[in-house]
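Trainee: First the structure, which I've put down as structure tokens, then a few questions once you've had a look.
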Amino acid sequence: MGNNKTYFGVFIISLAALALEICLIRIFTISEWYHFAFMIVSIALFGMAAAGTYLTVSKVKTSLSFSAIAFSVTVVLAHFVINNVVFDPFEAVLNYKHLFTLLIYYLFLGLPFFFFGLIVAQSFLVYQESAGKLYFYNLAGSSIGTLISLLLIMFFPVKALFVISMIGLLAASFFPDAKHNLVFLLLGINIILLFLPQETKISKYKELSQALNVPGSKVLMTKHNSFS
């Protein structure tokens with residue numbers, strides 16, 4: 001039974017991680033430009049590679065439940081980093097100190113993928129005899145996560161990361177030694193954040209920002225779907 005719960009935990013956290021990656025691509029496409037999709041992929045790979053390196057060097061066994069909770073918390077942290085720390089490639093050309101912002105992005109946006117990598121790697125270490133079954137749940141969750149992300153983009157265009165954070169908390173409840181009281185506390189915080197007004201900051205160099213500089217101009221209506 002314990003193994004089955006861990007499989008479902010890996011399935012859910014894999015779903016959350018892939019949904020997070022695609023939603024981050026969407027957010028950066030709006031706030032910056034579409035080619036930032038490549039940066040998000042590299043951030044995800046950076047975080048997961050760092051997790052494997054950490055486990056190899058430290059030899060420390062990590063709690064799957066704690067890692068899932070940490071994933072959830074750092075997803076929310078990533079949301080606030082994106083909306084309060086602005087990286088702009090145009091300014092980086094003129095001011096190289098602005099590249100420090102890019103480092104912040106890699107560190108803080110890479111953290112959720114770091115904890116996701118810890119969960120997957122540690123699961124394979126603990127359940128080596130069931131590696132094939134574990135891999136199936138990992139890939140199945142990742143596949144469904146790519147589809148779920150389309151719904152999140154459609155129904156929670158600005159607040160998708162809060163929903164992904166809650167999915168991470170759901171995964172934490174399936175792993176051994178789950179801290180249910182902490183899970184429910186963080187779930188409540190996410191629900192509150194979900195109902196607070198949130199906006200995606202758009203680069204001042206994008207067309208919309210330039211148009212809003214014209215006196216009397218304003219946004220009349222905004223709609224989101226999975227492709228525009």
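The values are calculated or read from the model by the stated rules, or taken from the named source; none is laboratory data. Being a predicted model, the structure only gives us computed values, none of them experimental. Neighbour counts run over all protein chains shown; Cβ positions are idealised from the backbone, glycine included. Ligands, DNA and RNA are excluded from the accessible area calculation, which covers all protein heavy atoms including side chains. Shrake-Rupley method; radii C 1.70, N 1.55, O 1.52, S 1.80 Å.
Trainee: Over the chain, what percent of the accessible surface lies on carbon and sulfur atoms, probe 1.4 Å?
Mentor: 72 percent
Trainee: Starting from the Cα of L212, step 7 Å toward the Cβ, then list every residue of the stretch 32-48 with an amide N under 13 Å from that point.
Mentor: Only 32 fall inside the zone, counting backbone N under 13 Å.
Trainee: What share of all Cα pairs of the stretch 85-176, in percent, falls into each consecutive 10 Å distance bin?
Mentor: Result returned by the calculation: 13, 32, 30, 19, 6, 0.
Trainee: With a 1.4 Å probe and every protein chain left in place, work out the accessible area per residue of the chain in Å², rounded to a whole number.
Mentor: For the chain, the solvent-accessible area averages 53 Å² per residue.
Trainee: Which longest run of the chain has no exposed loop site in it, a site being chymotrypsin sites (Phe, Trp or Tyr not before Pro) in a DSSP loop with at most 15 other beta carbons within 10 Å, and the site itself not part of the run?
Mentor: No qualifying site falls inside 34-204, the longest such stretch.
Trainee: Please give the per residue volume of the convex hull enclosing the alpha carbon atoms of the stretch 92-133, rounded to a whole number of Å³.
Mentor: That works out to 71 Å³ per residue.
Trainee: Here's another thing I want to ask about it. For the stretch 143-207, what is the Kirkwood hydrodynamic radius in Å, using each pair of distinct C-alpha atoms?
Mentor: 13.6 Å
Trainee: Separation of the stretch 49-71 and the stretch 129-200 by C-alpha centroid, Å?
Mentor: The stretch 49-71 and the stretch 129-200 have Cα centres separated by 18 Å.
Trainee: Note the direction-averaged projected area, equal to a quarter of the hull surface, for the Cα convex hull of the stretch 1-126, in nm².
Mentor: Over all viewing directions, the stretch 1-126 projects a mean Cα-hull area of 8.0 nm².
Trainee: Normalised by the residues of the chain, what does the relative contact order come to in percent, with Cα pairs under 8 Å and at least six apart?
Mentor: Result for the chain is 37 percent.
Trainee: With everything on Cα atoms, drop me the angle between helix 64-84 and the longest principal axis of the chain, reported from 0 to 90° to the nearest 10.
Mentor: The two axes meet at around 0 degrees.
Trainee: Here is a further query. Counting only C-alpha contacts under 8 Å and six or more residues apart, can you give the relative contact order of the stretch 140-228 as a whole percent?
Mentor: 36 percent
Trainee: Exactly which GluC sites (Glu not before Pro) in the stretch 121-228 are in a DSSP loop and have at most 15 other Cβ atoms within 10 Å?
Mentor: The qualifying sites are E199.
Trainee: At R0 = 30 Å, how high is the FRET efficiency between K223 and W33 if r is their beta carbon distance? Nearest 0.05 is fine.
Mentor: 0.90
Trainee: A further question on this structure: Just to be sure I follow: if Rg is taken over the C-alpha atoms of the chain and Rh is the Kirkwood radius over the same atoms, what is Rg/Rh?
Mentor: 1.01
Trainee: Over the Cα atoms of the stretch 181-228, what Rg and Dmax result, in angstrom?
Mentor: 16.9, 52
Trainee: Please list log₁₀ I(q)/I(0) at q = 0.15, 0.18, 0.22 Å⁻¹ for the stretch 8-68, using the Debye equation with identical point scatterers on the alpha-carbon positions.
Mentor: Values, matching the q order: -0.58, -0.76, -0.95.
Trainee: Let me ask something else. Give me the extension gain from F90 to F184: residue separation times 0.36 nm, minus the current Cα-Cα distance, reported in nm with one decimal.
Mentor: 29.6 nm
Trainee: Using 0.36 nm per residue, how much length does the chain from Y127 to T146 gain when fully extended, once their Cα-Cα distance is taken away?
Mentor: 4.3 nm
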